[in-house]
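For reference, the structure is listed below as structure tokens.
Please treat every number below as a calculation from the coordinates, not as lab data. Predicted model, so just to flag it, every value in this text is computed and none were measured. Note that each Cβ is placed from the backbone with ideal geometry, even for glycine, and that neighbours are counted across all protein chains shown.
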Amino acid sequence: MLVILKRNAEEISLQAAQLVASAVRKNPALALGLATGSTMVSVYKQLVALHQQGSLDFSRVVTFNLDEYLGLPAAHPQSFHHFMHENLFAHVNVNPGNIHIPDGTIGGDYDQYCASYEQAIRQAGGIDLQLLGIGRNGHIGFNEPTSSIGSRTRLKVLSKETLDDNAKSFAPGEESPRCAITMGIGTILEARKVLLLAAGASKSSAVAKSIEGPVASAVSASALQLHPDVTFIIDDAAASQLTQRDYYLRVLEMTALLTPDRLR
């Protein structure tokens, strides 16, 4: 696990976009796992700028989003379909046929639909690079506390803490969705490389537990300790509860010296 400490959210987005762009240039047919959330807005803005400058081609990239709210149509302003279209897909040359986002409007056999999403990932050869945010309770995707480390894409009931956080994004009087379809922790752990971004003091407890705490179902992101290639990019506020900051800085210095490609 590599921990990259940055001063603020802007520096996080620049570093993350650099790593994603480098991965796409090395593998133009990259299978890219995508996330939503405020931290990702700036990352996608950076990627769009690189594309518009002519230095980043998305034409062969295949994308898989982590999750989607159950019950929201794609056109809903708070759906993750809408988020991705507005912040990335409408501004780059990604092939619409290569975009995969869970369908929040499906009815009937959720298990069958979720199995088909897993199959699509397998048919793409697996996810090469997975972007992640982290919830205040340590969830990744919508894998709330008590999620199984071996879980796959499935329907998930959202926790009260997540519902409270999500309610801020919806109009007054509009109930936020209580469930979502999400990739499982087991699905995420099969990605070849994972990149988790976190900014702000509200994420500091979850970040510290994920990096330095025990692997526990109470903090879903702690399962990333089991992955062989995970990079956390976090700002000073999100890193405020870490106890090994000096060591992470020394590791970063040696990484830049010995394996510089990992940082660009």
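Numbers below:
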{"read-out": "Total lysine pairs whose alpha carbons fall under 26 Å of each other in the chain (8 or more apart, or interchain)", "value": "21"}
{"read-out": "Only Lys, Arg (+1) and Asp, Glu (-1) charged, at Cβ; the range 9-196 dipole about Cα centre in debye", "value": "500 debye"}
{"read-out": "Principal axis dimensions, the range 118-230 - Cα atoms, whole angstrom, descending", "value": "43, 33, 22"}
{"read-out": "Computed Kirkwood radius, in angstrom, where 1/r is averaged over Cα pairs of the range 83-144", "value": "14.1 Å"}
{"read-out": "Inverse of mean 1/r across different Cα pairs in the chain, Kirkwood, Å", "value": "18.6 Å"}
{"read-out": "Interatomic Cα distance distribution for the range 185-264, bins of 5 angstrom, percent", "value": "3, 14, 22, 26, 21, 12, 2, 0"}
{"read-out": "Inter-centroid distance (Cα atoms) of the range 40-65 relative to the range 152-168, Å", "value": "28 Å"}
{"read-out": "Most positive-pole-ward Cα, G97, T153, V61, against dipole of the range 9-196 from beta carbon charges", "value": "V61"}
{"read-out": "Charge context of L30, other residues only, Cβ under 12 angstrom, K/R +1, D/E -1", "value": "+3"}
{"read-out": "Expected 222 nm ellipticity per residue - DSSP helices of 4 or more, -39500 (n - 2.57), all of the chain, to 500", "value": "-10500 deg cm²/dmol"}
{"read-out": "Extended-chain gain in nm, criterion 0.36 nm per residue less alpha-carbon gap, R250 and A115", "value": "44.3 nm"}
